[in-house]
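Just so you know, all these numbers are worked out from the coordinates, no wet-lab data involved. Values in this document were obtained by computation on a predicted structure and should not be read as measured data. Cβ placement follows ideal geometry from the backbone for every residue including glycine, while neighbour counts extend to all protein chains displayed.
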Amino acid sequence: MATPRLPAANIITDQFPYPFNALEAFIRSLIVALFGPGASTVVWRPGAVSSGNVFGTWAEIVAQVATMNGAITIGIDTDTAPATIPPGAYDLRPVGVSGPVTFVNASKVPPFAQPFVTLGPGAVTIAGLTGLDDVSIDNQSTVPVQAITTNGTFSMKGRSTVFQEPGAAAFWAITGGDYAILVTDFGSITTPGGGVSAMTVAAPGSLLLHVQDSSGVDTNMLVSPAAITTVVVAPASQYLAQAGAPTIIPAKMTQKGSSAIVVGTGKTAAIPVFMSASARIVVTVKDPVGDALTIKYGALAADRVNGALGSFKISALAAAGGGAVNGVDTSTIDWEVVI
């Protein structure tokens, strides 16, 4: 295959249209030319005349993908018409075929072109979809779109968003297996206003929700008992208050603060933080007061409570062992908890 060249007309130097669209398309085509596509691709171009790997209807896409093994990308091209999946039950991975299936951006209109796929309104179920790459979903389905009963992973990247419309059923309804949803690269699970419960989890299912790379999860998008869902929130990402109460882990996060030792106790009051058994606590004296008998400061194991709403206390230790404290010490201590 000949190496593609970027046409001179597509090298844009001013602020409009967005100058990187042509460059991004060129880089993508160069990668394909050098290393191959990496996945079988079909394109859904609503309203188009079907030809080759380009199909004009969702029904044709489903029929084609259901015969293909391995990693599949479904390019969504909404440059000329919107993409709407009508009510129905669709299985992209029927018995006999396997591999991940991802919706990817195949639109070309600048600037910041991103296709939206509308589900419904009505009852829409899609089995076998495992990811979004620079594609957003407008969920208007009246039944859960993905009924999860086995182990699996769903990946969102490239500004992908699931919009949960008011009155819509869950996009993910997890009732079995260990499932992971990865929201990365400015992705989000949100609502245009009033939608809730995009993710529901019930035993014996479990969920790991990972939010990273400046991504976000809006209020009340998750309904789950605490014991079966874990949420990992990386720095610069956002996870707002939810109706459920999952275990929240601030990934690679450092929690910092200052606390004063309470007079007569030799300890600070309980300091609320996320606390795990492996968390490392570093303490330094900020403002020493009455510390003459204190030999060191530390967080005793007996004063640590692990959990998303955990805590610890800092003690002014007056002896090498046994937990004896200096009751006259009222120093202010800087602390840092590293997860």
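Using label points projected 7 Å from each Cα along Cα→Cβ, tell me how many nm separate Q114 and A236, to one decimal.
For Q114 paired with A236, the spin-label model returns 1.6 nm.
Quickly work out the A48-to-A243 label distance, labels modelled 7 Å from Cα along the C-beta direction, and quote it in nm with one decimal.
Modelled inter-label distance: 4.0 nm.
Check cross-link reach from K267 to the aspartates and glutamates: straight Cα distance under 20 Å, and skip same-chain residues fewer than eight apart.
Partners found: D287, D291, D303, D329, D334, E336.
Hey, could you grab the Kirkwood Rh for region 144-251? Inverse mean 1/r over distinct alpha carbon pairs, Å, one decimal.
It is 13.3 Å.
Of S258, S331, S311, how do they rank once you tally other Cβ atoms within 10 Å and put the fewest first? Present the calculation step by step, with values, prior to reporting the outcome.
Details: S258 13, S331 20, S311 16.
Placing the least packed residue first, the sequence is S258, S311, S331.
Quick check for me: using +1 on Lys/Arg Cβ and -1 on Asp/Glu Cβ, what's the dipole size of region 254-338 about its Cα centre, in debye to the nearest 20?
Approximately 200 debye in magnitude.
Which ³J(HN,Hα) values in Hz, rounded to whole numbers, follow from the phi angles of region 294-300 under the Karplus curve 6.51 cos²θ - 1.76 cosθ + 1.60, where θ = phi - 60° and Gly and Pro get x?
Using θ = phi - 60°, the values come out as 7, 9, 5, 10, x, 9, 6 Hz.
Can you tell me what percent of all Cα-Cα pairs in region 254-338 are more than 22 Å apart?
Percentage above 22 Å: 19.
Under the Karplus relation 6.51 cos²θ - 1.76 cosθ + 1.60, θ = phi - 60°, what is the ordered set of whole-Hz ³J(HN,Hα) values for region 330-338, x standing for Gly and Pro?
Whole-Hz 3J(HN,Hα) from phi for region 330-338: 10, 5, 9, 10, 7, 9, 8, 10, 10.
Checking the cross-link filter: which aspartates and glutamates have an alpha carbon closer than 17 Å to that of K157, excluding same-chain neighbours under 8 positions apart?
Partners found: E24, D133, D134, D138, D185, D213, D218.
Around V231, which amide H atoms from residues at least 5 apart in sequence, or from another chain, sit under 5 Å from its own amide H, with H modelled in the peptide plane?
For V231, the qualifying residues are L209, T247, I248, I249.
Given H placed 1.01 Å from N in the peptide plane, which residues other than close sequence neighbours of T118 have an amide H under 5 Å from its amide H?
A83, T84, I85, D138
Taking amide H positions as placed in the peptide plane 1.01 Å from N, state which residues far from G131 in sequence (5 or more) or on other chains have amide H under 5 Å from it.
Answer set, sorted by chain and number: V101, F103, S155.
How high is the FRET efficiency from L300 to T149, r the C-beta distance, R0 30 Å, rounded to 0.05?
0.10
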